[in-house]
Amino acid sequence: MRRRDLESALQQVRPFDKSLQKAELEQYPTSPHIASHIIHTAEASFGDIGDCAVVDLGCGTGMLSIASALAGASSVLGVDADTDAISIA
């Protein structure tokens, strides 16, 4: 998948509402633009996404998890301590 297409698909993902962010958990939203660059680079440069099992620790609302699935990961597991973020994911 081209990076531009991945970013476009990620635009449909529900963003993390700033009112739900918890400072004590050091939560930072990952934009579709940044997520597409991270996942595209991991795949294009290292082959670390396609047909691989991906674990997203501290997944928040799942932007990188969803991007990994869209980029061809064989399975994706997102883990987070924040139930509000998980409910959005």
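Using the Cβ atoms and a cut-off under 11 Å, what net charge is assigned to the surroundings of ALA81, where Lys and Arg are +1 and Asp and Glu are -1?
Result for the local shell: -3.
Gaussian network model of the chain, Cα springs within a sub-10 Å range: biggest mean-square fluctuation belongs to which of LEU70, LEU25, LEU57?
Ranking LEU70, LEU25, LEU57 by mean-square fluctuation puts LEU25 first.
For ALA53 paired with ARG4, estimate the spin-label separation in nm (one decimal), with each label point 7 Å from Cα along the Cα-to-Cβ line.
3.6 nm
Mind checking the full-extension length gain between LEU20 and ILE38? Use 0.36 nm per residue of separation minus the Cα-Cα distance, one decimal, nm.
Once the chain is fully extended between LEU20 and ILE38, it gains 4.0 nm.
Which of ALA69, ALA35, ALA53 moves most in a GNM of the chain, Cα contacts under 10 Å?
Sorting by GNM fluctuation, first place goes to ALA53.
Rounded to the nearest 500 deg cm²/dmol, what is the calculated helix-only ellipticity per residue at 222 nm for the chain, with -39500 (n - 2.57) per DSSP H run of length n ≥ 4?
Roughly -12000 deg cm²/dmol at 222 nm, from the helical runs in the chain.
Can you match Kirkwood radius over Cα pairs in Å to one of these, [x] 13.9; [y] 14.4; [z] 13.1, based on a calculation from the structure here?
[z]
Based on Cβ point charges of +1 for Lys and Arg and -1 for Asp and Glu, what charge dipole magnitude is obtained for the chain about its Cα centre, in debye rounded to the nearest 20?
Once rounded to the nearest 20, the dipole reads 320 debye.
Longest segment of the chain with no trypsin sites (Lys or Arg not before Pro) in a DSSP loop having at most 12 other Cβ atoms within 10 Å?
By the stated rule (loop sites, at most 12 other Cβ atoms within 10 Å), 23-89.
Each value in this text was obtained by applying a stated rule to the coordinates, not by laboratory testing. Everything numeric in this text was worked out from a predicted model, so none of it was measured. Every residue, glycine among them, receives a Cβ derived from its backbone with ideal geometry; neighbour counts consider all protein chains shown.
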